[in-house]
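Taking it in order: structure first as structure tokens, then the write-up.
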Amino acid sequence: MEITSGAGFAKFMANVRKRTLDVANAIPPEKEGWRLSEDSWSPIEVLAHIGSIEHALWGASLRAGAPAEPVENFSSFKTIAAAIDYLKTTRRDSEEYWTSLSPEQLDTEIKTPTGHSMLRRRWLALAPEHEIHHRSFLHAYRKIWGLPSLPLYGLTFQQLKELTSSKT
């Protein structure tokens with residue numbers, strides 16, 4: 001995606017978040033704290049991580065011109081509902097920041113966590129990749145739990161195959 005306006009980016013990210021929340025809301029309550037292994041994240045922690053990293057790297061914390069340190073202690077999140085509330089709070093802050101960005105501000109350089117300079121618009125383009133990457137964990141968990149795939153963009157893969165094969 002090419003980011004040409006802060007408001008346009010905020011709208012794009014709202015769609016990314018809607019799809020994440022669709023998956024989060026489909027997690028069975030008995031699986032909220034489930035872990036693939038001892039050192040993996042639960043669905044609650046995956047969602048809290050998405051919010052924490054967004055806030056620190058691409059959201060309101062970026063107002064200072066450089067990413068902030070992310071919060072990685074998720075012990076205060078006990079339920080999916082609490083993690084979703086956190087996502088909503090961090091997103092409100094992020095959207096306020098993103099919509100305030102002018103085209104000139106998008107073309108200013110910021111310092112990445114590695115100390116490199118990068119145009120703000122290019123740095124922001126990494127935000128949806130991060131969220132989608134972690135959302136895929138939740139999709140994989142559903143498969144491990146024996147649950148059906150959730151539709152992406154309104155159709156499951158099987159539905160898409162059926163629709164496209166009937167048109168040939």
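Assuming a viscosity of 1.567 mPa s and a temperature of 4 °C, what translational diffusion coefficient in µm² per second does Stokes-Einstein assign to the stretch 1-64, Rh being the Kirkwood radius over Cα pairs?
Translational diffusion coefficient: 95 µm²/s.
Counting helices only, and only those DSSP H runs with n ≥ 4, report the 222 nm mean residue ellipticity of the chain as the sum of -39,500 (n - 2.57) divided by its residues, in deg cm²/dmol to the nearest 500.
Rounded to the nearest 500, it is -16500 deg cm²/dmol.
Please work out the ratio of the alpha-carbon Rg of the stretch 62-157 to 2.2 N^0.38 Å and round it to two decimals. Write down the numbers at each step before the final one.
Details: Rg = 16.8 Å, N = 96, 2.2 N^0.38 = 12.5 Å.
The stretch 62-157 yields a ratio of 1.35.
Can you give the three extents of the C-alpha atoms in the stretch 73-114 along their principal axes, from longest to shortest, in whole Å?
Dimensions of the stretch 73-114 along the principal axes of its Cα atoms: 41, 26, 10 Å.
On a 0 to 90° scale, report how tilted helix 126-144 is relative to the longest principal axis of the chain, with both axes built from alpha carbons and the result rounded to the nearest 10.
Result, in degrees: 20.
With +1 on each Lys and Arg Cβ and -1 on each Asp and Glu Cβ, how big is the dipole of the chain about its Cα centre, in debye rounded to the nearest 20? Display every interim value, and only then the final one.
Values: 20 positive and 20 negative charges, 107 e Å.
My answer is approximately 520 debye.
Which number do you get for Rg(Cα) / (2.2 N^0.38 Å) in the stretch 41-109?
Computed over Cα atoms of the stretch 41-109, the ratio equals 1.20.
If ligands, DNA and RNA are left out, what is the accessible area of M1 with a 1.4 Å probe, given in Å² to the nearest 10?
For M1, solvent-accessible area is about 110 Å².
How large is Rg over Rh for the stretch 103-168, taking Rg from the Cα atoms and Rh as the Kirkwood inverse mean of 1/r across Cα pairs? Intermediate values should be presented prior to the final figure.
Values: Rg = 18.9 Å, Rh = 15.3 Å.
Over the Cα atoms of the stretch 103-168, Rg/Rh equals 1.24.
For the chain, what is the convex hull (Cα atoms) projected area averaged across all directions, in square nanometres?
Projected area, direction-averaged: 11.5 nm².
F12: accessible area at probe 1.4 Å, nearest 10 Å²?
70
The values are calculated or read from the model by the stated rules, or taken from the named source; none is laboratory data. Just so it is clear, the model here is predicted, and its values are computed rather than measured. Cβ sites come from the backbone with ideal geometry, for glycine too, and all protein chains shown count toward neighbours. Surface accessibility is based on the protein's heavy atoms, side chains included, excluding ligands, DNA and RNA. Shrake-Rupley method; radii C 1.70, N 1.55, O 1.52, S 1.80 Å.
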